[in-house]
Amino acid sequence: MTPKTAPPRSTDRPLKAVYWVLGKIGGGVFVLWAVATAIFFGIRMIPGDPAQAIMGGPGSQASAEALAQARADYGLDQPLAVQYFSQLWRLATGDLGTSYSLKIPVAEVLRELVPPTLTLAVLALLVAWVLALAVATASIRSGAVGRALASGLEIISAAVPHFWLASVLIMLFSTTLGWLPPVSTQTPAGLVLPVATLALPLAGFLGQVMRDSMLDAHTSSFALSARARGESENGVLLRHALRHAALPGIALSGWAFGSLLSGAVVVESIFARPGLGRSLLSAVTARDIPMVTGVALLSAATYVVIMAFSDVAERLADPRIGTA
Amino acid sequence: MTEPARPAFEVANLNVFFGAHHVVRDVSLRLEPGSCLALVGESGSGKSVTARALIGLAGARSTVRADTMVISGRDVRSLGQRAWRKLRGKDVGFILQDALTSLDPLRKIGREIDDTLRLHTTLSPSQRAGRVLELLEAVGLDDPVLRAGQLSGELSGGMRQRALIASAIALDPGLVIADEPTTALDATIAAQVLDLLGELRRQGSAMLMISHDLAAVSRVADTIAVMQHGRVVESGPAQRVLADPEHEYTRRLLRAIPAGKPRHTRLSPGPVRTPAPAKAAVSATAPVLTASSLAKTFKARGRADFAAVSNVGFQLLPGHTLGVVGESGSGKTTTARMVLGLLAPDSGSVELFGKPWSKLPESGRRPNRPLLGAIYQDPLSSFDPRMSVGKLLADALSSGATRNPRAYSGRIAELLGLVGLEQTLATRNPETLSGGQRQRLAIARALAPNPRVLICDEPVSALDVSIQAQVLDLLDELQRELGLSYLFISHDLSVIRHMSDHVLVMQGGVVVESGATEPVFSNPQHPYTKALLSASPELVTGE
Amino acid sequence: MSITEHGISPENPVPGVHPPATLQPSTPRTPTGALTRWLRLAFPVLVLGFFALATIVPSWLAPFDPLAINPVDAFSPPGPGHLLGTDESGRDIYSRIIYGARPSLLIGAAATAIGLGLALVLGTVAGFGGRWLDAGVGRILEVLFALPGLLLALVFIALAGPGVGTTVVAVGLTTAPGYARLIRGQLVALRESPMVEAATVLGRSRAKILFTHLLPNALAPIAVLGTLGLGQAVVWAASLSFLGLGAPPPAPEWGAMLSAGRTYLSLAWWMTFFPGLAIVLVAAAATVLSRALNQGGEK
């Protein structure tokens, strides 16, 4: 039995906000701790010498000195608990260790890699948003054609792998037409293909979700009310439907950003673009555990922060959330 | 009124098609300025489509044809989109059912009302803001400044409906069309909204009111037109139509209204099943169900505790119906859930046939579960979507041992017959049944274990009037035939009055008045009972 | 019963739910003709049937030995001799795609099984296990979500080393958290449904309700998820092979073929295009089929 009146807004809003922030920070710290812990014990669960694993597995043919160095670095001769807590302490103080393949501190490498990946992901998210809104609007306004277009994009977004889309785009725009460089250069032109590769599938997905929400708003009672007030179709779209369409897009943006980070692994390596994804891949290939740990922690932290932002954005965009 | 009165609107031979579906057929209506025409019909009668066609919003896939279609003296048949937009909101105000969905949940109330002014006037934003506040005050909202800044979700149902009315009357349109303006509201709130609409009419607006409820419109309408299957089957002055209906369908609708019909009066046409002498002679007088000082408080984190039910007690006598009436939030359903053993009371207890019930663990209740059945407002959601009608009944008959309808074909046929469903429906999925058939199936399933008591929670609230009449008649027959006892819950006072031997009037989780039905309602003591009674739509006829 | 019926859809996420990239609401908005409805079923059935046949008896469909090196024919463009052209060693691309169906699809199927199996356990525990277990599982999922998609798979491979077996587990791990949340949401919605209340009133025990009402009704959406997941898993697995972390090079696995073709992208586009097309066809067919199933369930 729900009372028809909405419950009154709580008066202790600032306190609630503090709790919310503390909760988010706590959740984030937990996630980082769990990732670090999983990797720490993961290495030691693999049969064989952990020092060997840290140095890149048996295939790396690490010298005895290097192995001894790794043992000393990781305190592998000490009890497990001591190793674990000193590792956690190092990570907590920002010491991510030294990359075994690059021989420089991981933190330094990461500092270099964050801006290019962030640029790529943010641009792709923006492009995907614009495309998605365009697709949603087009499908509302143009009937069958728009729906067919939207439906096609939907299937593409679900089925086309990034690596294939990238290859096709390179074949088309670099090899055949020669318009754009196949390798990501520092110029804006060099960003077009990587961003397009990441943005197109995401746009298909966001577009589908926005289209449904927009169609719901467009056929809703409140849109009928607006029309009955004399509102034009453009007015209904602008003042009502667009905002409703944006809501699920905002709600999904945190998740979308995560999928972009994942896609960056493929895109950065195809377009030979420096960034987190490509470095993670080479670190994985070289089994450079400190580097993998660093990238994993950084990605997780980014994801936590983005999710928190997305949460705030959702609350700002939808005044209904948080009043209940 | 010196010049000859120009009708607020007039249509002749209005036809609306959705593809091959002919949903409105040759409808002719005329409304004089300052008067109120009620267009009454059940779901699917085409009444709402007629209203939407009048403002050119029947939908993109519709075809509208008419010999005459004049609104405010203008032939609207050849109107372009731009001209239509000028007409809507300015010459015709439109009020939809359920303001929760008819106001944009993301926009402030003030903005929604302001839209009408913005679209049709050249007033400055500050002038419009002032006018919005005046309008909010005019429709009876307290603290207009606060309301204008709120979202529809922050307002109660009645306040929302008032705000929606404000947006429709912002420019004093000569014609106001209200589509089921009070259907989603509690009776007392609905009465207030109807009063507000009546006041508008006195100020000179003509009003077309769309409704499924003859009783509700009887107090405001000057003229009534009754629609069935897309046609107007009868129209005329309200008094005449209500007192002396000419068409069979109108008579059926009037008969179906439970208000003012004594207990056991049939509301629906059709053969009366000769009530077999009660199988179980109802001679015992010990109560079948006793509730004493039930209380339930819901605790939610970050919110004040909500006392849903406090100190509710009653007795249900064998073969009797105890009606529980109250508006939303009154604690009716919480009480029902405690009686059904789905919710443990914080204090107090329920006894079934004098033995502990609510205090038992679920495993202790289970052997006696067959004594107690339940039917709900939305029967479909209480059926397993994977099961056909026959399987549902077999499952209920076998206590869940089998779902093979063949094992119980005899009993299934008997049950279907008992509730007036055709035998051929046994293989169908409940999803494909109509609302009335679904509720009959729910009753059949509840009767399968041979219960002595049925808990009926708003069993007819989602049904059209004539279907409601059939289901109420069925419940009445079954009660007499099987000697059942009912705990009957409804927000609708006239349904409760028609069905109950005793009543509980609930408000805010408390029983404010109780006793034998007729004494309570003919001589109400509590102010809330009085308010409910005066708000409850009754036929206002010349009789 | 469908996945979207209880409002667990991307546009209406259960608080904190991150749907897998392809789980989209499938509300049929337009009256679709018999032809499109037929296409919706025929397309996925034909595509998946073809590749299933290729998985079981590739020799029926493939004209050449997928591993036979024939340097004379290297880099032949698509034509009558070699339908889809040849690669740098003169191996027939079409035959390699046919033979590649088995490793590609089996890896996808195994990964889906692992992902769904894990998700089923986590989702059921969270959905039925009470408040504390629900919160605990929620935390675990939160951690898995923090390394989205390939990142989680890569971290796992970094620990366990590359290879086909690792790929299967890694892809399973990657897809599990999204499905787990969906299954949990599905079960919670079912658990709270009036159907359960009605069964309780009819005197059914909790166990009886779980086994006769809840699980059977939850299974249909899980079948839909599995179909959808298969397409996704094939794509993920191919991505890992493409990155050089899956099947080793000479094997005719689709992702590995693409990876090899990358070097010759400007020279022989068909080496990249057609294996990729096979992946796209399988993934699209799985998506379309899962939607058809979902709608069929809705009726």
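So in chain B, what percent of DSSP beta bridges are antiparallel if you round to the nearest 5?
Antiparallel: roughly 55 percent of the beta bridges in chain B.
Tell me what chain B gives for mean residue ellipticity at 222 nm when only DSSP H runs of n ≥ 4 count, each as -39,500 (n - 2.57), the sum divided by the residue total, rounded to 500 deg cm²/dmol.
Mean residue ellipticity, 222 nm, calculated: -9500 deg cm²/dmol.
Could you calculate the contour length gain from B:Ser398 to B:Ser126, that is, 0.36 nm times the residue separation minus the distance between their Cα atoms, to one decimal place in nm?
Result: 90.8 nm gained on full extension.
Using modelled backbone amide H atoms (1.01 Å from N, in-plane), which distant-in-sequence or interchain residues come within less than 5 Å of B:Val233's amide H?
The answer is B:Val226, B:Met227, B:Gln228.
Take the cross-link list B:Lys299/B:Lys359; B:Lys355/B:Lys530; B:Lys332/B:Lys530; B:Lys261/B:Lys355 and give me the ones stretching past 27 Å between alpha-carbons.
As for pairs spanning more than 27 Å Cα to Cα, those are B:Lys355/B:Lys530; B:Lys261/B:Lys355.
Provide A:Ile25, B:Ile109, A:Ile250, B:Ile224 in ascending order of the number of other Cβ atoms located within 10 Å of each residue's Cβ, fewest first.
A:Ile25, A:Ile250, B:Ile224, B:Ile109
For chain B, with the dipole built from +1 on Lys and Arg beta-carbon atoms and -1 on Asp and Glu ones, taken about the Cα centre, which of B:Leu54, B:Ser205, B:Gly354 lies farthest toward the positive end?
The residue sitting farthest along the positive end of the dipole is B:Gly354.
B:Met506's amide H: which non-local residues (gap 5+, or another chain) put their own amide H closer than 5 Å, with H modeled 1.01 Å from N in plane and none for Pro or chain starts?
For B:Met506, the qualifying residues are B:Val325, B:Gly326, B:Val512.
Counting DSSP beta bridges in the protein assembly as shown, what percent are antiparallel, to the nearest 5?
Beta bridges within the protein assembly as shown, antiparallel portion: roughly 55 percent.
Given the options C:Ile93, C:Val137, A:Ala134, identify the residue whose Cα lies farthest towards the positive end of the charge dipole of the protein assembly as shown (+1 on Cβ of Lys, Arg; -1 on Cβ of Asp, Glu).
Farthest towards the positive pole: C:Val137.
Among the aspartates and glutamates, which have Cα under 20 Å from the Cα of C:Lys208 when same-chain residues fewer than 8 positions away are ignored?
Straight-distance partners of C:Lys208: B:Glu362, B:Asp384, B:Asp395, C:Glu192, C:Glu197.
Run the reach check for B:Lys296 against aspartates and glutamates, Cα to Cα strictly under 15 Å, same-chain hits fewer than 8 apart removed. What comes back?
Straight-distance partners of B:Lys296: B:Asp305, B:Asp346.
Can you work out the Karplus-derived ³J(HN,Hα) for every residue in region B:206-211? Use 6.51 cos²θ - 1.76 cosθ + 1.60 with θ = phi - 60°, whole Hz, and x for glycine or proline.
Listing the rounded values in order: 7, 9, 10, 10, 9, 7 Hz.
Gaussian network model of chain A, Cα springs within a sub-10 Å range: biggest mean-square fluctuation belongs to which of A:Ala196, A:Ala64, A:Ala217?
Result for chain A, Cα springs under 10 Å: A:Ala64 fluctuates most.
Ignoring everything except DSSP H segments at least 4 long, calculate the 222 nm mean residue ellipticity for chain A; use -39,500 (n - 2.57) per segment, divide by total residues, nearest 500.
Rounded to the nearest 500, it is -24500 deg cm²/dmol.
Compute the signed sum of charges (Lys and Arg +1, Asp and Glu -1) over the other residues within less than 9 Å, Cβ to Cβ, of B:Ala163.
+2
Size of the dipole of the protein assembly as shown about the Cα centre, Lys and Arg at +1 and Asp and Glu at -1 on the beta carbon, nothing else charged, in debye to 20?
720
Show which lysines lie in cross-link reach of A:Lys24 when reach means a straight Cα distance below 17 angstrom and same-chain residues fewer than eight apart are skipped.
Leaving aside lysines fewer than 8 places away in the same chain, those within reach of A:Lys24 are A:Lys16.
With a 10 Å Cβ neighbour count serving as the proxy for reagent exposure, in which order, fewest first, do B:Thr223, C:Thr55, A:Thr176 appear?
Ordered from fewest to most neighbouring Cβ atoms within 10 Å, B:Thr223, C:Thr55, A:Thr176 come out as A:Thr176, C:Thr55, B:Thr223.
Just how large is the dipole of region B:397-543 about the Cα centre, in debye to the nearest 20, putting +1 at every Lys and Arg Cβ and -1 at every Asp and Glu Cβ?
Here the size comes out at about 720 debye.
What residue among A:Pro105, A:Pro188, A:Pro116 shows peak mean-square fluctuation when chain A is described by a Gaussian network model with Cα springs under 10 Å?
A:Pro188
Work out the FRET efficiency for B:Asp244 and B:Phe17 from their Cβ-Cβ distance, taking R0 = 45 Å, and round it to the nearest 0.05.
0.85
First measure r as the distance between the Cβ atoms of B:Leu79 and B:Ser328, then evaluate 1/(1 + (r/R0)^6) with R0 = 51 Å and state the FRET efficiency to the nearest 0.05.
Between B:Leu79 and B:Ser328 the formula returns 0.80.
Between B:Ser434 and B:Gln315, what length in nm is gained on full extension when 0.36 nm per residue of separation is reduced by their alpha carbon distance?
Here the segment from B:Ser434 to B:Gln315 would lengthen by 39.4 nm.
What residue among A:Leu276, A:Gly230, A:Val312 has its Cα farthest toward the positive end of the dipole of chain A, where the charges are +1 on Lys, Arg and -1 on Asp, Glu, each on the Cβ?
The Cα lying farthest towards the positive end belongs to A:Gly230.
Hey, got the dipole for chain B? About the Cα centre, +1 on K and R Cβ, -1 on D and E Cβ, debye to the nearest 20?
1440
Counting DSSP beta bridges in region B:9-247, what percent are antiparallel, to the nearest 5?
In region B:9-247, approximately 55 percent of DSSP beta bridges are antiparallel ones.
Rule-based calculations on the coordinates, nothing more; no lab input. Since we're looking at a predicted model, the values are computed, not measured. Positions of Cβ are backbone-derived with ideal geometry, glycine not excepted, and every protein chain shown enters the neighbour counts.
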